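The values are calculated or read from the model by the stated rules, or taken from the named source; none is laboratory data. Only a predicted model underlies this, so the values are computations on that prediction, with no experimental measurement involved. Please note: Cβ atoms are built from the backbone with ideal geometry, for glycine as well, and neighbour counts cover all protein chains shown.
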Amino acid sequence: MNFGAVLSTLYTFLTIENRMDTRVPLRVINSVAPIRIVDNGGWTDTWFAGHGKIFNIGVYPYAEVQIEVFPADGAKERVLIQAENYGDRYTVAPEQGVWNKHPLLEAAIHYMHVPPDISLRVNIYSEAPVGASTGTSAAVSVALIGALDRLTPGRMTPHQVALAAHHVEMNMLHLQCGIQDQLCSAFGGINYIEMRQFPWATVSQIQIPNSAWWELERRLVLVYLGRSHDSTELHRKVIHELENEGPESPRLEALRGTADRSRDALYEGDFGGFGKAMIQNTEAQTRLHPDLVSADALKVIAIAREHGALGWKVNGAGGLGGSVTILTGDLSGSKRSMIRAIQKADPLFQNIPIYLSRYGLRTWEGTG
């Protein structure tokens with residue numbers, strides 16, 4: 001171990017941190033972006049699907065980013081990252097092309113070209129559990145890129161922010177990544193997404209009466225299964241099979257169809273039809289690979305069925321861990337009884353309070 005290098009790095013970090021702590025920032029930039037649930041049609045927003053149809057809903061809790069802007073202090077590592085959920089505070093050089101501790105954050109900062117005459121303290125936080133399969137990483141990336149966009153003249157559109165966030169994840173970090181999570185975080189609301197050719201897509205926001213919006217919000221329940229979603233190898237197997245079947249795979253077509261049915265049901269105010277679309281999507285996920293709907297998810301689904309739920313969707317791609325969204329029936333008492341039964345079934349199961357987000361990415365500056 002090179003103790004000289006370690007001490008030098010520590011000295012640089014403490015120097016930058018102390019300077020930022022004692023100085024008044026030139027600007028304070030805030031941004032928030034919603035997470036995503038009920039991604040009916042998921043898996044069809046990928047490169048191997050070629051084209052797709054996806055329905056999803058943006059919800060609180062948000063991913064939050066706050067950037068304090070200071071004059072450049074002459075140090076190479078002039079960006080201090082505070083990843084609150086992980087308890088991490090460390091400095092990076094925004095021009096560096098190597099990303100180690102939190103690659104998504106560091107690559108996004110590199111991509112957005114921080115002006116050379118400033119230094120930053122970047123705070124990132126989300127109340128959504130890590131690995132909940134609700135597009136939290138996409139929400140963080142969208143919120144971070146949206147905030148960094150305010151450092152320079154001109155403004156990116158929500159679609160441009162979503163494309164940039166997707167580019168960082170797929171092309172810079174070489175991760176398997178669909179397009180829907182970034183679009184949902186950028187636009188918020190209830191979305192019907194048509195991907196004509198990967199990664200280009202159009203977003204049609206579904207407008208429903210306030211009474212239907214409030215009723216949908218009341219009926220939706222998000223259950224975190226208590227384990228971070230991590231099923232990379234399983235996903236590689238699914239991708240290999242689907243790649244061989246091609247874009248017109250019947251299994252992909254079954255998923256695409258649930259997006260259409262979800263859209264139509266909400267326009268008609270048909271919660272029963274919407275619940276059926278959620279169930280059909282979860283069943284179609286199982287046909288991709290049985291392990292995409294885990295034993296924990298099945299346990300939650302069984303309890304939801306016993307309490308009269310109209311639908312359930314294993315969020316994201318599925319696999320171990322993650323979360324399930326449930327569409328409950330008419331009575332709020334039955335909903336609360338269901339939540340208690342789910343939490344009693346396993347101490348790891350957790351109800352995550354959610355609210356529908358009418359807005360996507362929002363950025364603003366503090367007024368002092």
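Conditions (1) of a type in the set (A, V, I, L, M); (2) within 21 Å of C177 (Cβ to Cβ); (3) part of a helix (DSSP H, G or I); (4) in contact (Cβ under 8 Å) with a residue 24 or more places away in the chain, marked per residue:
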| site | (1), (2), (3), (4) |
| --- | --- |
| L252 | yes, yes, yes, yes |
| F274 | no, no, yes, yes |
| N281 | no, yes, yes, yes |
| A304 | yes, no, yes, yes |
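Identify, please: which residue in region 81-99 is part of a loop (DSSP other than H, G, I, E, B) and either over 24 Å from the mean Cα position of the chain (by Cα) or on the phi < 0 side of the Ramachandran plot (or both) and is, among those, surrounded by the most Cβ atoms within 10 Å (Cβ to Cβ)?
P94
Return the residue satisfying two criteria in turn: it lies in region 311-326 and is of a type in the set (A, V, I, L, M) and buried (at least 24 other Cβ atoms within 10 Å of the Cβ), and of such residues it is farthest from V221 (Cα to Cα).
The qualifying residue farthest from V221 (Cα to Cα) is V314.
When residues of region 202-228 are filtered for being touching an Asp or Glu at 6+ places or on another chain (Cβ under 6 Å) and part of a strand (DSSP E or B), how many remain? Explain how you work it out, then say what you get.
From region 202-228, those touching an Asp or Glu at 6+ places or on another chain (Cβ under 6 Å) are 202, 225; that's our starting set.
Filter again for part of a strand (DSSP E or B), leaving 202.
Qualifying residue count, region 202-228: 1.
Quick grid of which residues meet (1) in contact with a helix residue (DSSP H, G or I) (Cβ under 7 Å, 6 or more places away or on another chain); (2) crowded, with 18+ Cβ neighbours inside 10 Å; (3) under 20 Å from E127 (Cα atoms); (4) modelled with pLDDT of 90 or more:
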{"site": "H174", "(1), (2), (3), (4)": "no, no, no, yes"}
{"site": "G188", "(1), (2), (3), (4)": "no, yes, yes, yes"}
{"site": "M195", "(1), (2), (3), (4)": "no, yes, no, yes"}
{"site": "T202", "(1), (2), (3), (4)": "no, no, no, yes"}
{"site": "E215", "(1), (2), (3), (4)": "no, no, no, yes"}
{"site": "R236", "(1), (2), (3), (4)": "no, no, no, no"}
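Looking only at region 108-121, filter to residues that are touching a residue at least 40 places away in the same chain (Cβ under 8 Å) and out of contact with any Asp or Glu (no Cβ under 8 Å at 6 or more places or on another chain); which one of those is surrounded by the most Cβ atoms within 10 Å (Cβ to Cβ)?
A108
Would a scan of region 335-353 turn up a residue that is under 23 Å from N56 (Cβ atoms) and at pLDDT below 95?
no
I'd like to know if region 56-72 contains one or more residues that are among the charged types (D, E, K, R) and either touching a Pro at 6+ places or on another chain (Cβ under 6 Å) or closer than 24 Å to C177 by Cα (or both). Working first, answer last.
Quick first cut of region 56-72, residues among the charged types (D, E, K, R) only: 64, 68.
Filter once more, so that each one left must be either touching a Pro at 6+ places or on another chain (Cβ under 6 Å) or closer than 24 Å to C177 by Cα (or both): 64, 68.
Checking region 56-72: at least one residue is among the charged types (D, E, K, R) and either touching a Pro at 6+ places or on another chain (Cβ under 6 Å) or closer than 24 Å to C177 by Cα (or both).
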